[in-house]
1. Any chance you could list P(r) for the range B:14-119, counting all Cα-Cα pairs in 5 angstrom bins from zero, rounded to whole %?
2. In deg cm²/dmol and to the nearest 500, what is the mean residue ellipticity at 222 nm of chain B if only DSSP H runs of at least 4 residues count, each as -39500 (n - 2.57), divided by the residue total?
3. Rounded to a whole number of µm²/s, how large is the Stokes-Einstein D of chain A at 10 °C and 1.306 mPa s, given Rh as the Kirkwood radius over C-alpha pairs?
4. Roughly how far apart, in whole Å, are the Cα centres of the range A:147-171 and the range B:131-155?
5. Please compute the Cα-Cα pair-distance distribution of the protein assembly as shown with 10 Å bins starting at 0, giving whole percents from short to long.
6. Can you give the accessible area of A:VAL5 in Å² (nearest 10), computed on protein heavy atoms with a 1.4 Å probe?
7. I'd like the Karplus ³J(HN,Hα) series for the range B:9-16: coefficients 6.51, -1.76, 1.60, θ = phi - 60°, whole numbers in Hz, and an x wherever there's a Gly or Pro.
8. Restrict the search to the range B:1-101; then list the trypsin sites (Lys or Arg not before Pro) that DSSP places in a loop and that have at most 14 other Cβ atoms within 10 Å of their Cβ.
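The values are calculated or read from the model by the stated rules, or taken from the named source; none is laboratory data. None of these values were measured; they are calculated from a predicted model. Cβ placement follows ideal geometry from the backbone for every residue including glycine, while neighbour counts extend to all protein chains displayed. Side chains included, ligands, DNA and RNA excluded: accessible areas come from the protein's heavy atoms. Shrake-Rupley method; radii C 1.70, N 1.55, O 1.52, S 1.80 Å.
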Amino acid sequence: MLMVVKLIKIWLMFTSRAAQSALLTTWAGVLFIIGKIVRFLLFFVFLFVVLSTVKNLAGYNREQVIFFFLVFTLIDALVQFFFRGVYHFRPLIVSGDYDLDLMKPLPSFFRPIFGYSDILDFVTLIPLWFYFLWFVFTNHLFAGIGDLILFFLLLGNSIVLGFAFHLFVCGVCVLTTEIDHLIWIYRDLTSMARFPTDIYYKFIQYILTFTIPVVILFTVPAKALLGLLSWQWVVLAFLISGLFLWGSFKFWHYALSRYSSASS
Amino acid sequence: MKKYLQLAKITFEEYLVYRLNFYLWRFRSFIVFLTLLFFWLAIYGDRTEFLGYQKAQMITYVIGIAFLRTIVLGSRSADLGPQIRSGELTKLLLKPIKTIHFWFTRDVVDKGLNLFFTIIEILAIVWLLKLSFYLPYHLTTYFSFAVLSLMAIFLYFFLSFTLSVVAFWTEEIWATRWLFGVIFLEFLAGAFFPLDVLPSWLTKIIYLTPFPYLVFFPMKIWLEQLNSGEIIMAIFICLIWLIFFWWLAVFLWRKGAKNYGAYGG
């Protein structure tokens, strides 16, 4: 417990430094925030227009499809906020500077994963949460208090799964120095969950559940809040996350054992 | 000309050295293509027509996006910005080679190589899913499509070059490129969905920007949804944007090159 409190304090320090760095050039921050808002609004308008005509998509009405999109945006922003550090990991490996982190009394994955939480994602998260809650309550998409609790539990599960994937990618980076494309593949695959994943062919749904579990990350929490989730799916979601987390730690330790500190 | 052919050969060999990067990039492009395709297939379901597009036309639009993303939006000139900031540009300036020609040559190789794989991927998906594809009836359509696509290639090159050259004055090259060269570009070019499904007041605003001439209008021509007057107008407006960005890119390059401090070089 004491260790967790210590790590949270260190994370807050890391985040504070990262925020100072991100806000050092206000102009860049403004451009990034404008971009995030424009992307959100254009997708929103597009979905609204299309769903106003088509009325339903894979059995979901317009409000439900927009709800899936909002849950996707929320979880995506949360995962990006926490784990943005992986985008900064490659230079540490290539230069050999990662040695300096390994000497510190911290878990080896801490700096690569949590070292650069993105304040700009946090800034966009606040209005997004307000809008999400307003949208859920005004459209009566909230099925009950039990489902709300389950939603938050599965949201936590998604963050754990996001962590597992980012840890795996860092492991690949240690072994091959390749990270950018893998992260972008993750981003591209997860973007498939902007829409309810039920719209895809069955074999694609299987891929999105068991390979890179996009369904568990985004669709399952959304369905939980709508009260559309069976207990089997809840068990499967936690099981898959647990397996991914275990596998990622195993792989990370294997990758670390192969770390040669080549450039230092 | 010989030195640019040599440059093209070197650029091609670079891709063969960093094969994993290239394969991963192709995989990413393929996912984007599949996501759009499956989304629209789900929207159509058993419908034959939606928002003014026949099912075959929408599938063709999505395939067209994959094709035009490769030949128009595929580019290496984005690397110029970081080279200016790092001072690496100096190496290029010392060589008897024109910078704009250098980057355009690299762009052409990038487009050519990616086009080869894009065509294979598209053909595989069309064959596997037995997709119906819209082929224009008139020969003039193919000609107009080719003309506008060619202009779009140059328009995007000068637009991208302009965004890179901004690096002479600011360190915020990634933020600028991300906003104008990724978010605005992909949405406003129609690289996600046809722009005319949006409310008409919004499309009118978007038509005032250079972006729709990169993907949306070439595809509208291919789908034969524009009459001759509208095609000529689209080509004419694209030409104006092309001349403007050509002038802007050259002007900013000359200004910037005088300003260049070769930091870190």
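1. Bin by bin from 0 Å, the calculated values are 2, 10, 16, 17, 14, 12, 10, 7, 5, 3, 2, 1, 0.
2. -22000 deg cm²/dmol
3. Taking Rh from Cα pairs, D becomes 81 µm²/s.
4. 45 Å
5. 3, 16, 27, 28, 18, 7, 1, 0
6. My reading of the accessible area for A:VAL5 is about 70 Å².
7. Using θ = phi - 60°, the values come out as 5, 5, 4, 4, 5, 4, 4, 6 Hz.
8. Listed in order of number, the matching sites are B:ARG47, B:LYS98.
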